[in-house]
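Here is the structure we will look at.
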Amino acid sequence: MTSESDLKLPGSTERTKINRLSNRSVAERDAMYSILDSAILCHIGYNENDQPFVLPYAFVRDGNRLLIHGSTGARFMRALAAGAPTCITVTCLDGLVVARSTFNSSMNYRSVVVLGVAEALEGDGKIAALDVISDGLIPGRTKEVRSSTKKEIAATTVLAISLDEASVKVRAAGVVDEPEDYDTGVWAGVIPLRLTASPALPDGQEAATLPIPESVKRFIENPKG
């Protein structure tokens, strides 16, 4: 079992070292974990017959790995389970930076890029991971619903991807303009952005008569972001 001291820091490999705007590179593992725990959606890339594909997937972090799940019938999931190299990106968009010129306009963001090969989980580890995924997306949800059937579990692929090779990049700043662009009468500033949740919409007449589950209420009040 890998100890905490053996875990690699973000940006510590040749492939994950950030060269462009390296001042935005973050080498703290806890910072990487915080970004991943603030997000729901990742984009997963792989190459098949010289054609790159990038697909959006929900994910959760489980220790020093990411977990994703999908249909066993999905070609994409089969390719990753068979060992296709992958690149996973996660981005939290925190704001639009509106400068005095379009050239200097930017975005505030927190991003993680993960490189590696996925591991297909089986048996008890797979079943446990499915619960981690469900509760990672909406905490407490597994206690409010029925358990998955053997057929449903068999129809689902669960993949784990190590965070050993990853990079973290963050911009959290205001406008950086050219000196000559100040005091020209052009407005500049930052438009903050964050994830919010709207009121839940019940499915059908029965759900409309039932109280909203606690897990859903908690998520609406404080979604990831």
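The values are calculated or read from the model by the stated rules, or taken from the named source; none is laboratory data. This is a predicted model, so every value here is computed, not measured. Every residue, glycine as well, gets a Cβ built from its backbone with ideal geometry; the counts of neighbours run over all protein chains shown.
Taken over region 47-72, residues that are farther than 26 Å from G125 by Cβ and without any contact (Cβ under 8 Å) to a residue 12 or more places away in the chain amount to 5. Screening region 109-225 for helices (runs of 4 or more DSSP H) wholly inside it with 2 or more residues that are in contact (Cβ under 8 Å) with a residue 40 or more places away in the chain and surrounded by 15 or more Cβ atoms within 10 Å (Cβ to Cβ) returns the ranges 123-137, 214-221. Of the residues making up region 164-174, none is over 26 Å from I18 (Cα atoms) and of a type in the set (S, T, Y).
Do the conditions hold for T102, that is, is it at pLDDT 95 or above, surrounded by 13 or more Cβ atoms within 10 Å (Cβ to Cβ), assigned by TED's automatic domain parsing to the domain that holds V176 and of a type outside the set (A, V, I, L, M, F, W, C)? The answer is no for T102. Can you say whether S22 is at negative phi and exposed (fewer than 15 other Cβ atoms within 10 Å of the Cβ), as far as the supplied structure shows? Judged against the criteria, S22 is a match.
Counting only residues that are in a strand (DSSP E or B) and touching a residue at least 60 places away in the same chain (Cβ under 8 Å), region 73-92 holds 3 of them. The set of residues in region 111-157 being hydrophobic (A, V, I, L, M, F, W, C) and closer than 30 Å to P211 by Cβ consists of I127, A128, A129, L130, V132, I133, L137, I138, V145, I153. Filtering region 62-70 for residues that are surrounded by 13 or more Cβ atoms within 10 Å (Cβ to Cβ), in contact with a Pro (Cβ under 7 Å, 6 or more places away or on another chain) and not in a strand (DSSP E or B) leaves an empty set. The condition of being within 27 Å of the chain's Cα centre (by Cα) and within 30 Å of V98 (Cα to Cα) holds for only one of P202, P223, that being P223.
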